[in-house]
Amino acid sequence: MRWWQIEKRNADLERELESDLAQEEEEQRENGMSAEEARYAAKRVFGNTALIREQTHEAWGWAMFERFWQDVRYAARQLRRSPGFSAVAVATLALGIGATTAIFTLVYDVMLRPLPFAQADRLVTIEEKIAEWSNIYPTLPVSANHFTFWQQHNRSFDSIAVMRQDSAPLGASGHPLQVGVLAATPGIFSVLQVEPNLGRAFNASEGQEGQDRVVVLMYDLWREQFGSDPGIEGKSIRLDGFPYTVVGVMPQSFHMPSLQTMATIGNTNRPLPVGVLEPLAFSKDVLAEDMGDLNYFGLGRLRAGVSVAAAKAELDALQHTISDHLAADEKATLSTALTPFQEQLVGNNRKPLMILLVAVAGLLLVGCVNVANLLLARAVGQKHQMAVASALGARRAALVRMALRETAVLAVAGGGLGVLLAAGVVPAMQQYLPASLDFRGPLHLDWAGAGCALLLALLATLLAGAAPAFMVSSTAPNEVLHTESRLASESRGSRRARRVLVGIEVAISVALVLMSGLLTTSLMKLMAVDRGFTTERTLTAMIDLPTESYPDTQHRSAFYRDVLGRMERLPGVEHAAITSVLPLTGDSWGDMARAAGDTRPVTQLPLESFRWVSPEYFATIHLQLLSGRFFSESDWGRNVALISEKTAKTLWPGKDPIGQQFSRGDPKEEKPFTVVGVVADARTISLAKPDPMMVYVPYWYRCQFVAGLVVRTHQDPSAMANAIRQTIWSVDRSVPVPAMRTLGGVVADSVANQRFEMDLLLLFAVSALFLAGLGIYGVITYSVVQRYREIGLRIALGAQRASVYRLVLRDGLLPVVAGAAAGVALAFGMARLVSSLLFQVSPYDPALAAGAVCVLLAVGITGCLLPARRAASVEPMRALRTE
Amino acid sequence: MTKQQQQRANLLQGTLDMLVLRTLLYGPAHGHQIGKHIQRTTNDFLQMQHGSLYPALHRLERRGWVSSKWETAPDRNREFKYYRLTEKGKKQLVAEESQWKQMAEAVARVMWPAAEES
């Protein structure tokens, strides 16, 4: 029988009983009874029709269900009678469960969800370590030479590959698309254990120079740009200006994390997703360099049963061999760093996520405590009702059921709402995923997390809900009934329990408020720090030149000179410049400057961060000149350089750096640079710390195919975006110009993660505060109601209103003060966890701690004041007369 | 309800099902008729409790031993819910009848051993 047939069934039974009753009545009348007598006689024969109905229902087999429905209806009725309580309880649970589930989903996705590769636990990233530079670069990318050596000699890996990710224009004429390109040695396919869906993987010969003009397309690019052409294999496409032959298309399920987000050097905060795979081929020259460029991201698949430590030991031994054969002027102590791939991807996102998880668990706990507290307060009120039921013969099980039905409805409603909330919030959290991990498609609500949060909340509610039943069943009902309820105040134990609960709420809230205070202050300081450059009215863009038409620095610099010249003439443009790396988007070129006369081996030279820039760069971002001059177009072709103050002090301590010379690489092959000026130290790599030694060389000396464009305008920069784009295209229509961003936006984006963490923590803290306030209010209001007569008596005996206020406030603030102290201790205990995330703020900051306590006290006083006023306005006569 | 009462109710319940099925062997009848018939046939020895009759009827229907249909009584201008024995019900009746017979015989053998021997 289906439940929806209940109503129909019931009507049917009703009709049956009625017709049979009428028949009986008729028969009685035929026996000579009067109409009225007959009706009563018939009813006597039938007996209790309600009972018949009930018993028949049992025969239908859904008595259980019916009883359940009855309970739900009863509970709903009870809850409707106190809408405030119900709303608060449901909202609290929904908030706690929703937030916890959402955060747990995020954490699970980032830290625990296995990467979408076969036996992903055997994938490790490989980095090099060079002891001499470890204070600046703890780890470095891999060099082609070393990789080849490892590949030939290692026994720990099934396969290894190195790769590099950059971007290139796709398509030839008119506004080409900028796509992410992953250049990888052919071993990548066996490392990741994937095969193209269509066509084939790269073969070993395509890993050699001259045969590397083949690509494998990613599924999305194939679908969007080539209309899912099934015959794409063998066709030629134009990438970076060159013709490439498509040899395969990857399966839809294959996603590749963006390497730019993980590289030790080089970090753009908005990487392009990989659209194309091409073979990475090394020239003979590159391979011959023992200490060539450390450029590549290394990834390996461990042989089954080989541990990370064993593999590292083997690679380190190989590195040792390489070290031994290095030329004297390149002496370096080499080793490696191996990290499980997933760990590397999570990187330094681990800690903030853990903090968020702890914070949200705290919020959930506060929520549960709050609901338990509210329920306990209600429970005392229901004691009387329970005692009556118990006196009338209800057994313990029935009492528990009676007590639980309300809380169960609350818990289910709150939980359901919470899961809905989480489901709504989770997709919006996608944008906050660390860029390195945001490659696996949309986030989905994690049901395990939802289940855990739900379970916890249910447990809390049900335990608190069952309390009154146990309280009653453990005492004789007549005892409860005999004590006059108004006079009887709450039992000492339950009062203490509720105070402890308030204390816990307050403690967690204080800790949360303090933590979010720390992060907020930290972020404010980070944004206010003197970064050494300004961002007003400044637009930025990344320009990507096709290598085919711009094969070298000479061609590229000519192009930029033309573009910049035209741009300077644009009305509204104050300055326009290009730079190798936009401020706060990472670092890309580390190199050693050898001051003239310095003969140390290369690894002992100081390591600087190099930028190639156009002369206007400094004026555009207002980077201050300390001495000397900027270079200008009139220096064209000459090796001149600007250095930062820190570089000047390191290379030429105590001397005037202007006019000094240095060289990078071999001074015999290349003309040395002459220092023409010194600029101030700024924060262009990270807001959190001053830049390392900087060296700025002109773009005619070196300029690569990707450049950052910076334009300072006189008016609103957004109006200029199109004019700037048109200017670039007026020089060459085959150059893709992606979206323009303001420099202010770039700066803000560099702290987007911190802002997200702060926002969430703030939200949690405010929620926890609100809940704590509610908890205090509830407890005090309840105790005032309980002590109504006592207070009336006090006033009748001459107590001043002020002393009544004092009485209530003291009662209410005691757990708040105790909780606040515990909360500060809790926050200090967790200081180690947060301190590394803080900028110029001590986790033990006394002002912030005091502030957090004050906030809680204010909330506590607000929560107490209303009930205190109520207590002080008790009319003694009425209070004593009631009941 | 005590344990003792419960046992008696169970015993009666089983018997009642059989009696209802047997009554319906004469043809379709509504609840009131069935009750009246059992009462009359046993000379009012079995007082029909409506509280057990209707649950019994609905239970039998759920098990598929009887089917029901609203029909107008031939002599009265009113609709009644008529119960009718199904094929399955007939088989059940036979089974219950033989079970009852065995039971009665077994009880009789214990109660009146002499009578059995003679």
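The values are calculated or read from the model by the stated rules, or taken from the named source; none is laboratory data. Since the structure is predicted, the reported quantities are computational estimates derived from the model, not experimental observations. We place every Cβ from the backbone using ideal geometry, glycine too, and count neighbours over all the protein chains shown.
Could you say which residue among A:Pro141, A:Pro176 is at pLDDT below 85 and closer than 24 Å to A:Gly275 by Cβ?
A:Pro176
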### Number of the condition not met by A:Tyr777 [criteria: (1) under 13 Å from A:Ala868 (Cβ atoms); (2) in a loop (DSSP other than H, G, I, E, B)]
(2)
### Task
Scan segment A:329-337 and give yes if some residue there is modelled with pLDDT under 85 and out of contact with any Asp or Glu (no Cβ under 9 Å at 6 or more places or on another chain), otherwise no.
yes
### Inter-residue pairs, beta-carbon under 7 Å, first within 28 Å of A:Val88 (Cα to Cα) and in segment A:388-413, second crowded, with 18+ Cβ neighbours inside 10 Å and among the β-branched types (Val, Ile, Thr), 6+ apart
A:Leu399/A:Val472; A:Thr407/A:Thr461; A:Leu410/A:Val90; A:Leu410/A:Thr461; A:Ala411/A:Thr461; A:Ala413/A:Val90
### Task
Please verify whether segment A:852-871 includes one or more residues that are modelled with pLDDT of 85 or more and outside any helix (DSSP H, G or I).
no
### Query
Being in contact (Cβ under 8 Å) with a residue 24 or more places away in the chain, within 13 Å of another protein chain (Cβ to nearest Cβ) and on the phi < 0 side of the Ramachandran plot, is that true of even one residue in segment B:34-44?
yes
### Query
Do you know which of the residues in segment B:87-106 that are touching a helix residue (DSSP H, G or I) at 6+ places or on another chain (Cβ under 8 Å) and hydrophobic (A, V, I, L, M, F, W, C) is modelled with the lowest pLDDT?
B:Trp100
### Message
Looking at (1) in a loop (DSSP other than H, G, I, E, B); (2) crowded, with 22+ Cβ neighbours inside 10 Å, which one does A:Ala641 not meet, given that it meets all the others?
### Response
(1)
### Query
For segment A:128-145, what are the residues that are acidic (Asp, Glu) and out of contact with any strand residue (DSSP E or B) (no Cβ under 6 Å at 6 or more places or on another chain)?
A:Glu132
### Query
For residues in segment A:18-32 being crowded, with 16+ Cβ neighbours inside 10 Å and among the small types (Gly, Ala, Ser), which is nearest to the other protein chains (Cβ to nearest Cβ)?
A:Ser19
### Task
Residue by residue through segment B:62-83, note down the ones that are under 13 Å from the mean Cα position of the chain (by Cα) and not in a loop (DSSP other than H, G, I, E, B).
B:Val66, B:Tyr83
### Considering residues of segment A:310-332 that are in contact with a strand residue (DSSP E or B) (Cβ under 8 Å, 6 or more places away or on another chain) and assigned to a helix (DSSP H, G or I) only, the residue surrounded by the most Cβ atoms within 10 Å (Cβ to Cβ)
A:Leu315
### Lone qualifier among B:Arg109, B:Arg78 - being surrounded by 11 or more Cβ atoms within 10 Å (Cβ to Cβ), at pLDDT below 90 and within 11 Å of chain A (Cβ to nearest Cβ)
B:Arg78
### Task
Inspect all residues belonging to segment A:81-88 and state whether any of them is within 14 Å of another protein chain (Cβ to nearest Cβ), assigned to a helix (DSSP H, G or I) and modelled with pLDDT of 80 or more.
no
#### Entry: Breaking point among (1) at pLDDT below 90; (2) farther than 21 Å from A:Arg495 by Cα; (3) buried (at least 19 other Cβ atoms within 10 Å of the Cβ); (4) among the small types (Gly, Ala, Ser), for A:Ala849
(1)
### Query
Within segment A:629-638, how many residues turn out to be of a type in the set (D, E, K, R), within 17 Å of A:Thr553 (Cα to Cα) and part of a loop (DSSP other than H, G, I, E, B)?
1
### Query
Residues A:Arg683, A:Arg755: which one is within 30 Å of A:Leu838 (Cβ to Cβ) and not in a helix (DSSP H, G or I)?
A:Arg683
### Query
How about segment A:750-805: which of its residues are among the aromatic types (Phe, Trp, Tyr) and crowded, with 23+ Cβ neighbours inside 10 Å?
A:Phe764
### Message
Restricting to segment A:121-138, count the residues that are in a helix (DSSP H, G or I) and within 18 Å of A:Lys312 (Cα to Cα).
### Response
3
### Query
What pairs can you find where one residue is in segment A:505-526 and within 15 Å of A:Tyr844 (Cβ to Cβ), the other is surrounded by fewer than 24 Cβ atoms within 10 Å (Cβ to Cβ) and of a type in the set (Phe, Trp, Tyr), and their Cβ atoms are less than 7 Å apart, with a gap of 6+ or different chains?
A:Ser522/A:Phe839
### Check on A:Arg629, farther than 12 Å from A:Glu608 by Cβ and basic (Lys, Arg)
yes
### Message
Given (1) at pLDDT 90 or above; (2) surrounded by 22 or more Cβ atoms within 10 Å (Cβ to Cβ), identify the lone condition not met by A:Asp240.
### Response
(1)
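For every residue, the table says whether it meets (1) more than 9 Å from every other protein chain (Cβ to nearest Cβ); (2) at pLDDT 80 or above.
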site	(1), (2)
A:Ala11	yes, yes
A:Glu16	no, yes
A:Glu36	yes, yes
A:Trp62	yes, no
A:Asp71	yes, no
A:Ala94	yes, yes
A:Ala102	yes, yes
A:Thr105	yes, yes
### Query
When you look at A:Ala42, is it assigned to a helix (DSSP H, G or I), within 24 Å of B:Ala29 (Cβ to Cβ), modelled with pLDDT of 80 or more and at the interface with chain B (Cβ under 8 Å from one of its Cβ atoms), yes or no?
no
### Query
Could you say whether any residue in segment B:48-64 is modelled with pLDDT under 85, more than 13 Å from chain A (Cβ to nearest Cβ) and buried (at least 18 other Cβ atoms within 10 Å of the Cβ)?
no
### Message
If I filter segment A:359-381 for residues that are more than 30 Å from A:Ala752 (Cα to Cα), surrounded by fewer than 19 Cβ atoms within 10 Å (Cβ to Cβ) and either touching a Phe, Trp or Tyr at 6+ places or on another chain (Cβ under 9 Å) or modelled with pLDDT under 75 (or both), do I get at least one hit?
### Response
yes
## Note on the structure
Scanning segment A:511-568 for residues that are of a type in the set (Val, Ile, Thr) and assigned to a helix (DSSP H, G or I), the one farthest from A:Lys646 (Cα to Cα) turns out to be A:Val513
### Task
Can you work out which of the residues in segment A:393-414 that are in contact with a helix residue (DSSP H, G or I) (Cβ under 9 Å, 6 or more places away or on another chain) and not in a helix (DSSP H, G or I) is surrounded by the most Cβ atoms within 10 Å (Cβ to Cβ)?
A:Ala394
### Query
So which residues in segment A:597-636 are basic (Lys, Arg), under 29 Å from A:Ser134 (Cβ atoms) and surrounded by fewer than 18 Cβ atoms within 10 Å (Cβ to Cβ)?
A:Arg600
